[in-house]
Amino acid sequence: MIGVGNLLMGDDGAGIAAAQELGGRRLPRGVEVVDGGTGGITLLHLMEGADKVILIDAVLMGKSPGSIERFGSEALEEEGGTPLSLHQGGLPQVFALGRELGLLPGEIVLYGIEPDSVVERLGLSHRVEAALPVLVERLLEELRTPP
């Protein structure tokens, strides 16, 4: 599980905040939680050798702030898809390169949370902070679901 984001940019830190919360929980054997920073090409290194990767990130989806959406591998790898990440080298570009290099895991899932405010500041907005426990519970449920 990889939390992606920038804690210095408000709600862009939601993926990292969720990963930090999960890091303090008892997780199933073999599950590793990693801070992926602002993502980009370094995600390929972090995903290398994994059977399944769950990414957590702030995603502009055009929904209400704090809305949570799950995107499966098929949605993430669509050519010309919407750039799902707020970061340089958006996820579609990273996945395209990973596909070309044969570095992608068997399954990739992205849990996106709609940001309210991505500005230079520490801490999440009230709406995203309030949605964080729901996001964490959905991630834990994903881990409990057999492949």
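Laboratory data are not the source of any read-out in this text; all were calculated from the coordinates shown. Note that the structure is predicted; figures quoted are calculated from it, not measured.
Quick look at the values:
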item: Placed amide H near Val53: partners under 5 Å, 5+ positions off or other chain; result: Glu107, Ile108, Val109
item: Identified option (computed Rg and Dmax of the Cα atoms in Å; candidates [x] 18.1, 62; [y] 14.1, 40; [z] 14.7, 46); result: [y]
